[in-house]
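The values are calculated or read from the model by the stated rules, or taken from the named source; none is laboratory data. Note that the coordinates shown come from a computational prediction; the quantities given were computed from them, not determined experimentally. All Cβ positions, glycine included, derive from the backbone under ideal geometry; neighbour counts span all protein chains shown. Ligands, DNA and RNA are excluded from the accessible area calculation, which covers all protein heavy atoms including side chains. Shrake-Rupley method; radii C 1.70, N 1.55, O 1.52, S 1.80 Å.
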Amino acid sequence: MIIILSFSAVIPSSTLAQAVNKYGQIIVVDGSETKVTAGTNVTVTGTGTTATPYVLNATGGSGVPMWNTLTPSITATTTNPTFITDRLSLNWRMIGPKEMECVFVINTTTSGTKGNGDYLIPVPGGYSIDTSFDFQKAYTGGVGLDDQIGFWKNAIPGGVGRWTSGGTGGWDVVPIVYDATHIRIVLFSNGFYVRCWGSAAWGSTGGLLITARYTLTVL
């Protein structure tokens, strides 16, 4: 006695381009059931069939991440300062899925109010710093000569910048993470003076120019 078993399966057309029926015949899936929706700067043509397949075209991108610019609200660890400037900007762009590049610039013209404490620069775009990494841990301690180990251990790798006051001198700056949404700027002067930019270190005095560039891994 010969027993013949036959069966068939329904295979979604969105996952397979072809299927086999119970007779061993290849069934070519039409493909038009697949739904394709155009996103930002993307156009979709075609119906998804063999005769007129979907064609996606992207426009408006050069492959180089675009810069975003905002005027940051600079706060402080105790009382917020105010600034009178001709330049104050925080420029940022995403250079990877979770990698943010920032350039902070301030140039004060006359003195504002210096507030109290170290000044805090925000993380832009609604992102927060992933402080789980050893290379960007949050650090709220001091940065003076007596705090060198704690300070350098928490400096952002590759963070660079320069600052000057009153048009004289030109010294290094180093950004460090304060918490998940703020950084501090450390000012060096003549190789001896090391302080976070804030009410006790140049504050909102006129003629102050600071530029800092740094990269953050964000959430």
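Key figures
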read-out: Relative compactness, segment 95-196, computed as alpha-carbon Rg over 2.2 N^0.38 Å; value: 1.12
read-out: List Met100, Met66, ordered by accessible area with a 1.4 Å probe, largest first; value: Met66, Met100
read-out: Surface share of carbon and sulfur [accessible, 1.4 angstrom probe, percent] for segment 66-145; value: 52
read-out: Rel. contact order, % - alpha carbon contacts under 8 angstrom, at least six apart, segment 112-184; value: 37
read-out: Accessible-area value, Arg213, 1.4 Å probe, nucleic acids and ligands omitted, Å²; value: 100
read-out: Alpha-carbon spread of segment 41-153, three principal axes, descending order, Å; value: 73, 36, 20
read-out: Net charge contributed by nearby residues that have their C-beta within less than 12 Å of Val173 (K/R +1, D/E -1); value: +3
read-out: Loop-resident sites, segment 139-219, for chymotrypsin sites (Phe, Trp or Tyr not before Pro), counting at most 15 other Cβ within 10 Å (DSSP); value: Phe192
read-out: Area accessible to solvent at Val44, 1.4 Å probe radius, in Å²; value: 50
read-out: For Ile149, solvent-accessible area (1.4 Å; no DNA, RNA or ligand), Å²; value: 140
read-out: Largest-first ordering by accessible area, 1.4 Å probe, given options Lys98, Lys35, Lys137; value: Lys35, Lys98, Lys137
read-out: Extension gain from Lys35 to Ile84, taking 0.36 nm per residue of separation minus the Cα-Cα distance; value: 12.2 nm
read-out: Ranking by accessible area, most exposed first, for Asp86, Asp172 with a 1.4 Å probe; value: Asp86, Asp172
read-out: Cα gyration tensor shape of segment 137-203, rounded if a/c is under 1.5, else prolate or oblate by comparing a/b with b/c; value: prolate
